[in-house]
Amino acid sequence: EAQVTQNPRYLITVTGKKLTVTCSQNMNHEYMSWYRQDPGLGLRQIYYSMNVEVTDKGDVPEGYKVSRKEKRNFPLILESPSPNQTSLYFCATRAGTGLDYGYTFGSGTRLTVV
Amino acid sequence: GENVEQHPSTLSVQEGDSAVIKCTYSDSASNYFPWYKQELGKRPQLIIDIRSNVGEKKDQRIAVTLNKTAKHFSLHITETQPEDSAVYFCAAHLYNFNKFYFGSGTKLNVKP
């Protein structure tokens, strides 16, 4: 079954404590991306990757890092989380970088930073 | 970049009525327009999409129309059912940046 797996689903952490949200896909998709979803703001792109070792900033990259060492994995790293990073995070993948490929989203990670 | 505006932010309809959600975009280079449905507590899921060389696309009770000249596209749901209740997001794919830009979402409530 085609899947985008995110972990954890829920996370409560304290300010400044480094954390990683994992994302793994089994569809051999080249393009992977991280979004955060906040009320009234929709989905905003944090980082994306077009292939292994190729990553780039989205619209709201501050405070986040990513890596793409393998095609299937695209972890999101918060080196020093702050309360304004409390949000719902989605990993999303696409089959390619061309036209008409919609996203497949992971199940989401609800992060609370206190 | 691109700016996608979505209206209305909330929409309440009676079961069996039609619902229409509208989005506008700013960059004529946008070439692909998907719509996503997000049920409460779940991930967004692609429900229908349209390319810039097509004016209308239909899939059972849902349809999407695109007006490239006016730079707007709309989602139409006919014969609404309570299970259509969700948040719907439109998006525009900006070809030269290879990025998606999302609207802010419409919360649709279908009353039985």
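The values are calculated or read from the model by the stated rules, or taken from the named source; none is laboratory data. Computed from a predicted model, the values in this text were never measured in an experiment. Please note: Cβ atoms are built from the backbone with ideal geometry, for glycine as well, and neighbour counts cover all protein chains shown. Only protein heavy atoms, including side chains, enter the accessible area calculation; ligands, DNA and RNA are left aside. Shrake-Rupley method; radii C 1.70, N 1.55, O 1.52, S 1.80 Å.
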(request) Determine whether the stretch B:66-80 contains at least one residue that is part of a strand (DSSP E or B), within 12 Å of another protein chain (Cβ to nearest Cβ), open to solvent by less than 10 Å² (accessible area, probe 1.4 Å) and touching a residue at least 12 places away in the same chain (Cβ under 8 Å). (result) no
(message) B:Gly105 - would you say it is at positive phi and under 10 Å from the mean Cα position of the chain (by Cα)?
(response) yes
(request) Identify, from the list A:Tyr48, A:Tyr101, A:Tyr35, the residue that is farther than 22 Å from A:Val14 by Cβ, of a type in the set (Phe, Trp, Tyr) and assigned to a loop (DSSP other than H, G, I, E, B). (result) A:Tyr101
(message) Take the conditions farther than 25 Å from A:Gln6 by Cβ, at pLDDT 95 or above and not aromatic (Phe, Trp, Tyr) and apply them to B:Ile50. Does it pass?
(response) no
(message) The conditions are (1) more than 12 Å from the chain's Cα centre (by Cα); (2) in contact (Cβ under 8 Å) with a residue 24 or more places away in the chain; (3) more than 30 Å from B:Glu5 (Cβ to Cβ), and A:Val54 fails exactly one of them. Which is it?
(response) (2)
(request) Give the stretch B:26-42 a look and list any residue that's more than 21 Å from B:Ala63 (Cα to Cα) and either in contact (Cβ under 8 Å) with a residue 60 or more places away in the chain or buried (at least 20 other Cβ atoms within 10 Å of the Cβ) (or both), or say none. (result) B:Asp27, B:Ala29
(message) For the stretch A:22-67, give me each residue that is away from chain B (no Cβ under 14 Å) and either open to solvent by less than 20 Å² (accessible area, probe 1.4 Å) or aliphatic (A, V, I, L, M) (or both).
(response) A:Val52, A:Tyr64, A:Val66
(request) Pick out the one residue from A:Phe74, A:Phe105 that is touching a Lys or Arg at 6+ places or on another chain (Cβ under 7 Å), away from chain B (no Cβ under 13 Å) and open to solvent by less than 10 Å² (accessible area, probe 1.4 Å). (result) A:Phe74
(request) Name every residue in the stretch A:58-67 that is part of a strand (DSSP E or B) and over 12 Å from the mean Cα position of the chain (by Cα), in order of residue number. (result) none
(message) Quick test of your reading of the structure: B:Val13 fulfils all but one of (1) of a type in the set (A, V, I, L, M, F, W, C); (2) touching a Pro at 6+ places or on another chain (Cβ under 9 Å); (3) open to solvent by less than 20 Å² (accessible area, probe 1.4 Å). Name the failing condition by number.
(response) (2)
(request) Pull up the stretch B:48-61, narrow it to residues that are more than 19 Å from A:Thr104 (Cβ to Cβ) and in a strand (DSSP E or B), then point me to the one that is nearest to the other protein chains (Cβ to nearest Cβ). (result) B:Lys57
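Open to solvent by 40 Å² or more (accessible area, probe 1.4 Å) and farther than 22 Å from A:Ser87 by Cβ: does that describe B:Val54? Break it down into steps so the answer makes sense when it comes.
Working: open to solvent by 40 Å² or more (accessible area, probe 1.4 Å): yes; farther than 22 Å from A:Ser87 by Cβ: yes.
Yes; evaluated as a whole, the condition is true for this residue.
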(message) Just to verify a result, which residue in the stretch A:87-102, among those that are more than 14 Å from the chain's Cα centre (by Cα) and either within 21 Å of B:Arg43 (Cα to Cα) or touching a residue at least 24 places away in the same chain (Cβ under 8 Å) (or both), is most open to solvent (accessible area, probe 1.4 Å)?
(response) A:Tyr101
(request) Go through the residues of the stretch B:94-102 one by one and say whether even a single one is surrounded by 20 or more Cβ atoms within 10 Å (Cβ to Cβ) and touching a His at 6+ places or on another chain (Cβ under 6 Å). (result) yes
